[in-house]
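Inspection log for the structure reproduced underneath, given as structure tokens.
Bear in mind these aren't lab numbers, they're just calculated from the coordinates by the rules spelled out. Since we're looking at a predicted model, the values are computed, not measured. Please note: Cβ atoms are built from the backbone with ideal geometry, for glycine as well, and neighbour counts cover all protein chains shown.
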Amino acid sequence: MKRINTFYFLLCIVLISSCQTEHDQMHQEHHGDVVRFDRAGSSILKGVKVPAGKAMYFASGIVANPKDESIPEGKRGRFGDTYDQSVSALKRIQSYLSEEGLDLEDVVAMKVYVAPDLENDNKPDFQAWFKAYGEYFNNETNPNKVARSTIGVYQLVDPNKFIEIEVRAVYP
């Protein structure tokens, strides 16, 4: 009987030790660095893994500031074209991130809504957005790529705005 009890006691110790080792490995995996899954030849990622315990920043949809405030509200030129608005929105995002001690390098995901522009054959100007994105991401200054969706929409709330951007960033 003593042998059986000793056997079960040792078996329990081995199982507990094994579970603790597995738990430690999982804990390290979940509390490590952000992992970016690259998509070769693309300016965006396949995905991002954010470990448990990392604080995140979620920005609501950000639109452009006026390009020319002398142009009355409701007029197309007030905010510029899709490219102008993309750059303005990205600058606003960069400013909001800096208020939190973050920068564009900390952005892991982005949703971009692009609306039609009458001066672009009433279609979303995706190329203008892609150009602006390339000036802020996946370049020498900021090699960071993000997980991103770019979505063509019927219209934004203000019909003279052609782009709205949501971002998610991870605190270092």
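Observations, loosely collected:
- Output for segment 50-85, where each listed residue is under 14 Å from the mean Cα position of the chain (by Cα) and surrounded by 15 or more Cβ atoms within 10 Å (Cβ to Cβ): Val50, Tyr57, Ala59, Gly61, Ile62
- Considering the conditions (1) touching a helix residue (DSSP H, G or I) at 6+ places or on another chain (Cβ under 9 Å); (2) within 22 Å of Thr141 (Cα to Cα), Val35 is excluded by exactly one of them, (1).
- Yes/no for Ser88 being surrounded by 13 or more Cβ atoms within 10 Å (Cβ to Cβ) and without any contact (Cβ under 8 Å) to a residue 40 or more places away in the chain: yes
- Qualifying positions in segment 120-159 - more than 15 Å from Asp103 (Cβ to Cβ) and β-branched (Val, Ile, Thr): Thr150, Ile151, Val153, Val157
- Restricted to segment 37-49, and to residues there that are of a type in the set (Gly, Ala, Ser), in contact (Cβ under 8 Å) with a residue 24 or more places away in the chain and assigned to a loop (DSSP other than H, G, I, E, B), the residue that is surrounded by the most Cβ atoms within 10 Å (Cβ to Cβ) is Ser43.
- Leading residue by the ranking (farthest from Thr150 (Cα to Cα)) among those in segment 104-123 that are in a loop (DSSP other than H, G, I, E, B) and not acidic (Asp, Glu): Asn122
- Gly101 vs. criteria surrounded by fewer than 19 Cβ atoms within 10 Å (Cβ to Cβ), assigned to a loop (DSSP other than H, G, I, E, B) and touching a residue at least 24 places away in the same chain (Cβ under 8 Å): yes
- Positions within segment 51-97 being assigned to a loop (DSSP other than H, G, I, E, B), among the charged types (D, E, K, R) and in contact with a strand residue (DSSP E or B) (Cβ under 7 Å, 6 or more places away or on another chain), in sequence order: Lys54, Asp81
- Listed by first and then second residue, the pairs linking a residue in segment 64-78 that is free of Cβ contacts under 8 Å to residues at least 60 places away in the same chain to a residue that is assigned to a loop (DSSP other than H, G, I, E, B) and of a type in the set (Val, Ile, Thr), with Cβ atoms under 9 Å apart and 6 or more places separating them unless they lie on different chains, are Gly77/Ile71.
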